[in-house]
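Okay, structure first, notes after.
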Amino acid sequence: MTEPVDLSSVPTDGTTGTVRLTGTLELTGETLPVTTDATVLRTGEDLVVSGAIPVTWADYGITPPSLGFVTVEDAGTVDFLVVLGASRS
């Protein structure tokens with residue numbers, strides 16, 4: 001992430017909220033700016049963040065493989081799930 005995320009709208013009652021994430025994604029040495037919405041769940045002191053970043057493979061210099069009988073789409077997603085917790089030392 002390259003910009004702060006406002007978590008004030010994320011519920012504290014065990015339901016999920018949505019936040020906008022802005023940052024960069026690096027694949028095969030190519031770094032591009034990305035923005036996506038993520039789902040956030042507060043679980044006690046932890047935050048569980050999940051989402052998907054749409055990717056066009058050619059933008060990152062990736063040629064989709066072709067095996068004749070198998071084809072790969074020109075675009076896909078990079079899915080993520082991150083658990084952020086307070087230091088427990």
Checklist entry - Which of the residues belonging to region 17-46 are small (Gly, Ala, Ser), under 27 Å from residue 61 (Cβ atoms) and out of contact with any helix residue (DSSP H, G or I) (no Cβ under 9 Å at 6 or more places or on another chain)? => result 23, 38
Item to check | Candidate set from region 6-26 (those that are outside any loop (DSSP other than H, G, I, E, B) and of a type in the set (Gly, Ala, Ser)); member that is surrounded by the fewest Cβ atoms within 10 Å (Cβ to Cβ) | outcome: 23
Checklist entry - For region 65-89, how many residues meet the condition of being touching an Asp or Glu at 6+ places or on another chain (Cβ under 6 Å) and modelled with pLDDT under 90? => result 1
Checklist outcome for this item: Of the residues in region 32-89, those that are of a type in the set (Ser, Thr, Tyr), surrounded by 11 or more Cβ atoms within 10 Å (Cβ to Cβ), touching a residue at least 24 places away in the same chain (Cβ under 8 Å) and part of a strand (DSSP E or B) come to 50, 77
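The values are calculated or read from the model by the stated rules, or taken from the named source; none is laboratory data. The structure presented is a predicted model; accordingly, all values stated were derived computationally and were not measured. Counting neighbours? That spans all protein chains shown, and the Cβs are built from the backbone with ideal geometry, glycine included.
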